[in-house]
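See below for the structure under consideration.
The values are calculated or read from the model by the stated rules, or taken from the named source; none is laboratory data. None of the values given here were measured: they were computed from a predicted structure. When we count neighbours, we look across all protein chains shown, and the Cβ atoms used for this are built from the backbone with ideal geometry, even at glycine.
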Amino acid sequence: MASNAAAAPAPVGRAAPLAGRALGRGLVAGYLTLIVLIPLAALTWRSLEHGKGSFWDAVSQPEAVAALKLTVVASLVVAAINAVVGTAIAWVLVRDSFVGKGVVNSVIDLPFALPTIVAGLVLLTLYGPDSPLGINIAFTRTAIVFALLFVTLPFVVRAVQPVLLELDREMEEAAESLGARPLAVFRRIVFPNLLPAILSGVALAFARAIGEFGSLVLISGNLPYKTEVSSVYIFGRIQSQDPGAAAAMSVVLLLISLAILLLIGAFRHWRVKHAR
Amino acid sequence: MRVIWIGSAIATAAAATAALAIFGGAAASAAPQASNSVALVAYSTPKDAYTKIISAFNGTSAGKGVSFTQSYGASADQAAAVAAGQPADVVALSLKPDISTLVAKGIVAKNWQKTRYQAMVSDSIAVFIVRDGNPKHIHTWADLLKPGIQVITPNPISSGGARWDIMAAYGAQLKLGKTKKQAVAYLRKLFTHVPVLPTSAREALTTFASGKGDVLLDYENDAIFANKKGVHTDFVRPKQTILIENPVALTKSGAKKPAAKAFVKYLTTPAAQRIFAQNGYRPVVKKILKQTAYPNPKQLFTIAYVGGWAKVEKQFFGPKNGIVTKIISSLGK
């Protein structure tokens, strides 16, 4: 098609962008294949290496099921808290002005920069048995949610912030001048505009929480059926020379994340369609 | 458009794969090919000892001009990395089954233990690390089962090293005159005193240091190491305990290198054994061990006493029906 375009009597300049576009897509496709697709395919293949029976066997182990339940529930709780608190933080950072705002704004991203194992260690020292603050939640399910909240903090904040910055204040002012109360303005004007950003932030936070390992391995205590999350269970499988079961559990985690991402995508699509 | 898209995608992928192969190939072959360079892949705790042993080795006529690439990490991870192709001439791991993994892959020769000390270069024993001054008065295996005592151990399913501690507990019961059935019952009871299961020995130490638990099952060399690094701990050597033996093996590529062979031989010389002793390990050479201050527990036994690793791995830690595997997966129920 690129050569067609060049042969056609169209302006010569058109050929270059077309060829460029094809090259660009090729690069993107090649890159995604190498970095994402091949590893995921290999993982799935590995999990089914010994047949569907052993896949099912691996994921239906009571210990694996318990770990999965805990992981999914904790991730859902974390995603929900993030939706509310993340939006509130973004709101304060955009709409309020206070001393040290710049510092707070930069601090938000730190959980990304910190190696997660260090995050786990810091949380353990602060909220463990020897807590200088007198808070001891280490080795409980609360600790798992706590650690996950820490590592997923930036997602919703950073997704909502730019949308809030771009949001036209005149709409809100118009609504106010027509007598709408602040809560109604938020519910009817601001929130619908923020919702897509909140949802994409929540989806990312959830996916990240599902697979989190480093920050949890120290603080959760890893007790089967109680505080053992899927990633730690998978690590145990790998260490005890059972890579097939580890791959099978990982595929389940991926499928759950994929399902949530698709669900949120579908919801956003549905909303756009019905908003018109 | 579509054809070009797919075509260029394949071309890009192919080019990238080729590039990867070139880089990968170069990395894989660079280290071991130089005959005067030895790739050492080891577990993490003896890092200090090996650094000193290597510089001492470089001072001998056999080790003059030999350079080393060193990699340290969790024993099972290191074995997996070498099995997956990480270049290695000498592997120093924490327990025999990790080397058996490499034998199964054809990376280490089957007869690797046919050496003077059965390929073991350092020893240790399983001990109880307790809080300063031993406030809970923990001295015996029975003390671990006293009401309210919390025992920290790495999960022996994910940490190969922790299997030494669990087999120490089991073998100690046999030494105390209990039957095998009673010894298994002891393990079951012991795990009811285990409030958390860190995945590795390092994490277990961190957990214990954070204030959790009354006693940590660990190795003598780790306790000495922690004290050297300023983490002050008291430790108790139980009367009945297991002799921990750390193996070293030449890989097939290492066996072709005089420098690698000379290095492995050097590890059991008095000079190297003394360095191990200074770093918390017990020498395997009896003459050197006698010169050290390590007290000998009255009823010391080896892994052979409880059946040997091949049998123990299957019977106690097998993925589904292992005795300990079952105890652990029933813990939180």
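Scanning region A:132-152 for residues that are among the hydrophobic types (A, V, I, L, M, F, W, C) and touching a Phe, Trp or Tyr at 6+ places or on another chain (Cβ under 9 Å), which turns out surrounded by the most Cβ atoms within 10 Å (Cβ to Cβ)?
A:Ala138
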Positions within region B:65-81 being within 22 Å of B:Pro154 (Cβ to Cβ) and of a type in the set (A, V, I, L, M), in sequence order: B:Ala74, B:Ala76, B:Ala79, B:Ala80, B:Ala81
Has region B:276-289 got any residue that is closer than 21 Å to B:Glu220 by Cα, of a type in the set (Lys, Arg) and without any contact (Cβ under 8 Å) to a residue 12 or more places away in the chain? yes
Counting only residues that are surrounded by fewer than 19 Cβ atoms within 10 Å (Cβ to Cβ) and at the interface with chain A (Cβ under 10 Å from one of its Cβ atoms), how many does region B:294-330 have? 5
Which condition does B:Ala249 not pass, out of (1) under 26 Å from B:Lys96 (Cβ atoms); (2) in contact (Cβ under 8 Å) with a residue 40 or more places away in the chain; (3) assigned to a helix (DSSP H, G or I); (4) away from every other protein chain (no Cβ under 14 Å), if it passes all the others? (3)
Being modelled with pLDDT of 90 or more, closer than 21 Å to B:Ser122 by Cβ and over 21 Å from the mean Cα position of the chain (by Cα) narrows it down to one residue among B:Lys261, B:Lys257; which is it? B:Lys261
Is it true that some residue in region B:27-35 is away from chain A (no Cβ under 14 Å), more than 24 Å from A:Leu37 (Cα to Cα), over 19 Å from the mean Cα position of the chain (by Cα) and at pLDDT 55 or above? yes
Residue in region A:63-86 that is surrounded by the most Cβ atoms within 10 Å (Cβ to Cβ), counting only those that are over 28 Å from A:Leu194 (Cα atoms) and touching a residue at least 60 places away in the same chain (Cβ under 8 Å): A:Ala67
Looking at B:Thr233, is it at pLDDT 95 or above, among the hydroxyl-bearing types (Ser, Thr, Tyr) and not assigned by TED's automatic domain parsing to the domain that holds B:Ala88? no
Output the residues belonging to region B:252-284 that are surrounded by 20 or more Cβ atoms within 10 Å (Cβ to Cβ) and outside any helix (DSSP H, G or I). B:Lys257, B:Leu267, B:Thr268, B:Asn279, B:Gly280, B:Tyr281, B:Arg282, B:Pro283, B:Val284
Return the residues of region B:183-199 that are within 13 Å of chain A (Cβ to nearest Cβ) and in a helix (DSSP H, G or I); say none if nothing qualifies. B:Phe191
On the basis of being modelled with pLDDT of 90 or more, within 14 Å of another protein chain (Cβ to nearest Cβ) and out of contact with any helix residue (DSSP H, G or I) (no Cβ under 8 Å at 6 or more places or on another chain), does A:Ser3 make the cut? no
Could you tell me whether region A:86-97 includes any residue that is within 13 Å of another protein chain (Cβ to nearest Cβ), under 27 Å from A:Val157 (Cβ atoms) and assigned to a helix (DSSP H, G or I)? no
Cβ-Cβ distance below 8 Å, separation of 6 or more or different chains: which pairs start in region B:320-333 with a residue that is of a type in the set (Lys, Arg) and end on one that is at pLDDT 85 or above and in a loop (DSSP other than H, G, I, E, B)? B:Lys333/A:Tyr225
Could you list, in sequence order, the residues of region B:205-234 that are surrounded by fewer than 20 Cβ atoms within 10 Å (Cβ to Cβ) and away from every other protein chain (no Cβ under 14 Å)? B:Ile224, B:Asn227, B:Lys228, B:Lys229, B:Gly230, B:His232, B:Thr233, B:Asp234
If you take the residues in region A:200-247 that are part of a helix (DSSP H, G or I) and polar (S, T, N, Q), which one is nearest to the other protein chains (Cβ to nearest Cβ)? A:Gln239
